[in-house]
Amino acid sequence: MNDLGAVRDVETAVIGAGQAGLSAAYFLRRAGMRAGTDFVVLDHSPGAGGAWQFRWSSLTYGKAHRVHELPGMPLGDADPDRPSAEVVGEYFARYERAFDLRVRRPVDVTAVREGTGGRLRVETDAGVWSARTLINATGTWDRPFLPYYPGQETFLGRQLHTADYRGSAEFAGKHVLVVGGGTSAVQLLMELAEVARTTWLTRRPPVFRSTPFTEEWGRSAVALVEERVRQGLPPQSVVSVTGLAATDAIRAAQERGILRPEPVFDRITPHGVAWADGRTLNADVILWATGFRAALDHLAPLKLREPGGGVRLDGTRVAKDPRIHLVGYGPSASTIGANRAGRSAVREVRAYLAGVDRTAEPTSERSLERVH
């Protein structure tokens, strides 16, 4: 590493090297910008692969959501029985080498502040960068969401979040409560049911979609998420809008009684959970499949959040600061959406660096964050 005391100037800093960050870096390179000189990619993870590298080993590539290929390089044939963490990690590493993206890792970005001369000061444990523009692609994996219920601290069993799950073997013979209504909850229930007793608990009844997922449906779902972001509200996941896909595996699990949700409890007891009507249920483990929140704490000094709690975006650009773009956030929090958001953000970053005012253009002409 260079001298930690020196401030390094770049035109653009990219924070995060998952799907969205690598997509942005690719389009910066294609625009003629030099990695490590004109722009820098900072990633806090130990290796390539974004959040995928932390997924449990039993989540094989064949079981995972489809991984959309990064721009400019196909993933190629992948063994569906290999862990998705390995498949995606190797693919991302090849991609970084192929396009000479020079990702710096592990680098923890501690804060982004207003710098001098209209520049942004990016403070990290590896030194300071001064950037004219910023593309933030930090995703959500580092901010698992754990809701609070009365009595939670009294539970004598084990509590863990999806982010901490490593496999079903350690739960053999136990009673596991899986809390949450998303795709991860369904995947974990089907896996855990092979070795443990499971109970599924959700705040609202999950919706399983048996009809085909069309492009029109996908666009309308993303539009709902995008509208929240445009209003400065915290984004919802696209899955929360579209519902859960009723695959053959899910239908088989439903027939076996594995995917029969019950209303979530009202409080937690030392030995399980309880409802207001007096019903109780004993359990050994509470597995919180309750999702994640956007990892944006390092941007707090810039005061980008709106009264509604979210960051208001116009396309990928932060409404309060045209120097900053969020990719992989809200409507672009999918693999194909992240790719398109990276391209859109770089197009606007280039215009900003060239002194072109694009704020007057209709959002629809600039926003490419759509999923299929």
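Throughout, read-outs are computed from the coordinates displayed, never taken from laboratory work. Everything quoted here is computed from the prediction, not taken from an experiment. We place every Cβ from the backbone using ideal geometry, glycine too, and count neighbours over all the protein chains shown.
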Contour excess over end-to-end distance, with Cα ends at residue 306 and residue 204 and 0.36 nm allotted per residue: 34.0 nm
Span from the the range 278-333 Cα centroid across to the the range 55-123 one, whole angstrom: 20
Among (i) 54; (ii) 25; (iii) 18, the entry derived from the coordinates for percent of Cα pairs over 40 Å apart: (iii)
DSSP bridge orientation in the range 73-214 - percent antiparallel, rounded to nearest 5: 65
C-alpha long axis of helix 215-230 to longest principal axis of the chain, angle in °: 70
Whole-number percent relative contact order across the chain, with pairs defined as alpha carbons under 8 Å at least 6 apart: 21
Cα centre as origin, Lys/Arg/Asp/Glu Cβ charges: the range 248-290 dipole, Debye: 20
Proximal lysines relative to residue 303, as straight alpha-carbon distance under 20 Å, when same-chain residues fewer than 8 apart are discounted: 320
Amide H partners (placed H, <5 Å) of residue 313, local residues excluded: 230, 232, 319
The range 250-341, relative contact order in percent, only Cα pairs under 8 angstrom and at least six apart counted: 10
Estimated dipole of the range 1-43 in Debye, rounded to 20 [Cβ of Lys and Arg +1, of Asp and Glu -1, Cα centre]: 200
DSSP beta bridges in the chain [antiparallel fraction, %, rounded to 5]: 40
Karplus-derived HN-Hα couplings along the range 187-202 (A = 6.51, B = -1.76, C = 1.60, θ = phi - 60°), whole Hz, x at Gly and Pro: 4, 5, 4, 5, 6, 5, 4, 6, 10, 9, 7, 10, 9, 9, 10, 9
Sum of side-chain charges, residue 278 neighbourhood, beta-carbon under 13 Å (Lys, Arg +1; Asp, Glu -1): 0
FRET efficiency estimate (nearest 0.05) - Cβ-Cβ, residue 94 to residue 194, R0 51 angstrom: 0.90
Extreme residue, positive dipole direction of the chain, given options 16, 208, 309 (C-beta unit charges): 309
Fully extended contour minus Cα-Cα distance, from residue 130 to residue 63, at 0.36 nm per residue: 19.9 nm
For 75, 313, 192, order by how many other beta-carbon atoms lie within 10 Å, fewest first: 75, 192, 313
Per-peptide average of other Cβ atoms within 10 Å, ordering 198-210, 131-143 highest first: 131-143, 198-210
Electrostatic dipole magnitude of the chain [Cβ: Lys, Arg +1; Asp, Glu -1; Cα centre; debye, to 20]: 520
Under 5 Å, built H, 5+ apart or other chain: amide partners of residue 328: none
Dipole of the chain [Lys/Arg +1, Asp/Glu -1 at C-beta], most positive-end residue of 64, 344, 54: 344
Separation of the residue 8 and residue 245 label points, Cα + 7 Å toward Cβ, nm: 3.9
Degrees separating the helix 84-98 axis from the principal Cα axis of the chain, which is the longest one: 10
